[in-house]
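*Asks:* Okay, handing you the structure first.
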Amino acid sequence: MPSNPNEYNKFPLSRFESMLKTNDVYFFDSEEFEEIIQHYLENGKVALAKKATKLGLEQHPTATNLKLFQIEMFIFENDLETAETLLDNLYALEQNNEEVYIQKANIFSRRDDHKNAIKLLQKALEITDDESDVLSLIGMEYLFLEDYDNARHYFMQCLEQDEQDYSALYNIIYCFEFLDEYEAAIDYLNDFLNKNPYCEVAWHQVGKMYYILKDYKKALAAFDFAIISDDRFIGAYLEKGKTLERLKKYEEAIESYSITLGLDDPTSFALLRIGKCYERLGDSELALQFFTKCVEEDSLLDKGWIAITDNYLKAHNYEKALYFIEKAIHIDGENVLYWKRYARINLRLQHLEEAEHGFRRTLELGNYELETWLSRTDLLIKLGEFNAATNNLFQATEFYPENAEIEFRLAGLFYILKEAGKAEFHLKNGLKFNPEFLMILEELFPKVYVKSKVRQIITKHKNTSV
């Protein structure tokens with residue numbers, strides 16, 4: 001036995017691990033095995049938990065709690081049939097053990113049969129001494145069913161039994177949010193705060209509800225109360241900073257974000273927001289310093305790289321902007337806005353092929369703005385890819401029929417491709433839809449614009465429209 005009393009609880013564990021190393025067999029009572037298994041499960045050491053369960057059942061083959069641990073691990077590994085067989089055997093002996101019903105409900109839940117899971121949990125609720133845990137499990141099953149009213153009801157019952165159950169409180173607010181019942185959420189939280197006036201979590205949630213409702217002054221007051229209740233509550237300082245930004249109080253927002261840097265390791269979010277605040281205050285140099293710290297803290301935060309990109313864009317330093325936008329795209333290659341920036345930066349640098357690739361990726365990702373279609377077309381024209389430009393415009397007409405900007409480009413392209421009939425058709429369409437965009441033909445296809453046949457069609461249109 002250890003001489004230090006504080007090590008008493010660790011003694012079975014150290015003996016067990018010593019036994020594994022030496023291959024000796026030590027005897028443990030069933031409760032010691034339960035402590036050992038629970039320790040391993042809580043620390044994510046499932047293999048060791050399984051080994052302890054196996055050895056425990058060899059020494060105590062009738063121990064119900066050890067059998068339940070064994071079943072729990074079969075469920076964890078998704079071996080539901082084995083778990084169910086063992087549970088059925090256990091149920092014949094232990095019909096008044098709520099854990100049997102809970103694990104059976106767990107199996108139904110794994111099979112997405114949440115209604116039957118709830119029925120079993122209701123039975124467990126009738127016989128358990130710990131109603132709070134079972135109520136929480138029922139609430140979760142209703143969440144799986146997207147029945148937010150019932151889920152909220154059961155989580156509220158949990159909170160009534162244990163006012164420190166913040167997990168239940170968060171789930172209650174989640175249900176209110178999903179139902180867009182923000183005012184009702186505030187009313188509920190205020191009732192809760194009347195009984196628990198220094199609950200920082202509740203004040204924090206009140207603030208978030210007011211923030212969603214864009215009542216920023218009330219949100220700010222709530223976050224201040226959360227901080228009064230717990231002056232080391234990082235989440236409250238961050239939300240307060242966001243709220244101060246909305247109120248355009250950037251210096252105060254920086255102060256709030258900065259406090260979090262001293263409370264714990266710096267978060268990339270706080271560093272990014274401080275940079276954004278300095279940007280709003282017109283101090284691009286300090287903004288860049290914090291954006292750089294942000295990506296040093298979290299190199300996979302694409303928003304940090306984008307902030308640096310935009311900083312260099314504003315300074316017209318396109319070479320550096322290109323370097324950093326490529327970093328962001330490497331992290332999130334499916335982001336349309338990043339590819340649009342990539343295309344525009346390359347366009348500024350006269351990297352035409354890269355710019356065309358950027359606009360093409362933007363379209364492939366579902367951004368069908370007219371400007372994107374036209375920008376890609378104009379690049380393809382400059383690159384001499386006339387057929388590709390024509391195909392691109394025909395795709396654009398599916399989204400923008402009867403558009404003069406598209407028609408005048410098609411007219412110019414078909415003249416270049418020596419398909420005069422098609423060219424005249426699209427030229428007439430362009431003049432019919434909006435003749436003011438005729439300048440497109442003049443700017444993009446100057447040689448076409450001066451063709452005598454083109455001038456005749458334009459003149460005829462002007463005469464007939466007078």
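The values are calculated or read from the model by the stated rules, or taken from the named source; none is laboratory data. Here the structure is a predicted model, which is why all the values come from computation and not from measurement. Reconstructed Cβ throughout: ideal geometry from the backbone, glycine too, with neighbour counts over all protein chains shown. Surface accessibility is based on the protein's heavy atoms, side chains included, excluding ligands, DNA and RNA. Shrake-Rupley method; radii C 1.70, N 1.55, O 1.52, S 1.80 Å.
*Asks:* In whole percent, how big is the carbon plus sulfur part of the accessible area of the chain, probe 1.4 Å, protein atoms only?
*Replies:* Reported share for carbon and sulfur atoms: 48 percent.
*Asks:* While we're looking at this one, here's another question. Treating only the Cβ atoms of Lys and Arg (+1) and Asp and Glu (-1) as charged, compute the dipole magnitude of the range 208-342 about its Cα centre; round to the nearest 20 debye.
*Replies:* Computed about the Cα centre, the dipole is about 620 debye.
*Asks:* Ignoring ligands, DNA and RNA, what accessible area per residue does the range 362-447 give at 1.4 Å, in Å²?
*Replies:* 50 Å²
*Asks:* Normalised by the residues of the range 139-213, what does the relative contact order come to in percent, with Cα pairs under 8 Å and at least six apart?
*Replies:* 23 percent
*Asks:* Which whole-angstrom value gives the distance between the alpha carbon centres of the range 312-349 and the range 369-418?
*Replies:* Here the answer is 24 Å between Cα centres.
*Asks:* Roughly what angle does helix 250-263 make with the longest principal axis of the chain, taking Cα atoms, 0 to 90 degrees, to the nearest 10?
*Replies:* 40 degrees
*Asks:* Evaluate the relative contact order of the chain (contact order divided by residue number), counting alpha-carbon pairs under 8 angstrom at least 6 apart; express in whole percent.
*Replies:* 4 percent
*Asks:* May I pose another question? Can you tell me how the range 117-163 classifies by the Cα gyration tensor, rounded, prolate or oblate, using a/c under 1.5 as the rounded cut?
*Replies:* Verdict is oblate for the range 117-163.
*Asks:* Shifting gears a bit: Might you tell me the accessible area per residue for the range 271-334, computed with a 1.4 Å probe and given in Å²?
*Replies:* For the range 271-334, the solvent-accessible area averages 52 Å² per residue.
*Asks:* For the pair D230 and D332, what calculated FRET efficiency results from E = 1/(1 + (r/R0)^6), where r is the Cβ-Cβ distance and R0 = 30 Å, to the nearest 0.05?
*Replies:* 0.30
*Asks:* How big is the range 164-321 along each principal axis, measuring the range of its Cα positions in Å and listing the largest first?
*Replies:* The Cα atoms of the range 164-321 stretch 57, 31, 28 Å along their principal axes.
*Asks:* I would also like to ask the following. Roughly speaking, what is the stretch gain from E319 to Y170, that is 0.36 nm per residue apart minus the C-alpha to C-alpha distance, in nm to one decimal?
*Replies:* Here the answer is 49.0 nm.
*Asks:* What order, most packed first, do the peptides 318-324, 38-44 have when packing is the mean number of other Cβ atoms within 10 Å of each residue?
*Replies:* 318-324, 38-44
*Asks:* Okay, moving on. Tell me the Kirkwood hydrodynamic radius of the range 307-349 in angstroms, computed as one over the mean inverse distance between distinct C-alpha pairs.
*Replies:* When all Cα pairs of the range 307-349 are included, the Kirkwood radius is 9.9 Å.
*Asks:* Compute the acute angle (0 to 90°) between the alpha-carbon long axis of helix 182-195 and the principal axis of greatest extent of the alpha-carbon atoms of the chain; round to the nearest 10°.
*Replies:* 30 degrees
*Asks:* Using a 1.4 angstrom probe, figure out how much accessible area the range 158-252 has per residue, in square angstrom, rounded to the nearest whole.
*Replies:* In whole numbers, the range 158-252 has 52 Å² accessible per residue.
*Asks:* Mark the label point 7 Å from the Cα of E442 along Cα→Cβ and return the residues of the range 383-407 whose backbone N is within less than 16 Å of it.
*Replies:* Backbone N within reach: 405.
*Asks:* With a ≥ b ≥ c the root eigenvalues of the C-alpha gyration tensor of the range 109-217, is it rounded (a/c under 1.5), prolate (a/b larger than b/c) or oblate?
*Replies:* Because a/c hits 1.5 or more and a/b fails to exceed b/c, the range 109-217 counts as oblate.
*Asks:* Using a 1.4 angstrom probe on the protein heavy atoms only, could you order R280, R152 from most to least accessible area?
*Replies:* R280, R152
*Asks:* Label points 7 Å out from Cα along the Cβ direction at N43 and K462: separation in nm?
*Replies:* 8.8 nm
*Asks:* State to the nearest 20 debye the size of the charge dipole of the chain about its Cα centre, where the only charges are +1 on K and R beta carbons and -1 on D and E beta carbons.
*Replies:* For this selection, approximately 3780 debye.
*Asks:* How about the range 164-200: which chymotrypsin sites (Phe, Trp or Tyr not before Pro) there lie in a loop by DSSP and see at most 12 other Cβ atoms within 10 Å?
*Replies:* Sites meeting the loop and neighbour criteria: Y198.
*Asks:* Hey, what number do you get for the chain at 222 nm if only DSSP H runs of n ≥ 4 count, each worth -39500 (n - 2.57), divided across all residues, to the nearest 500?
*Replies:* Value at 222 nm, helices only, nearest 500: -24500 deg cm²/dmol.
*Asks:* Let me ask something else about it. Compute the FRET efficiency between E177 and S299 as 1/(1 + (r/R0)^6), taking r as their Cβ-Cβ distance and R0 = 30 Å, and round to the nearest 0.05.
*Replies:* E(calc), rounded to 0.05, equals 0.40.
*Asks:* Projecting each Cα onto the charge dipole of the chain (Lys/Arg +1, Asp/Glu -1 at the beta carbon, about the Cα centre), which of L417, I228, Q164 comes out farthest on the positive side?
*Replies:* L417
*Asks:* Working from Cα positions, state the angle (0 to 90°, nearest 10) between the long axis of helix 352-364 and the longest principal axis of the chain.
*Replies:* 60 degrees
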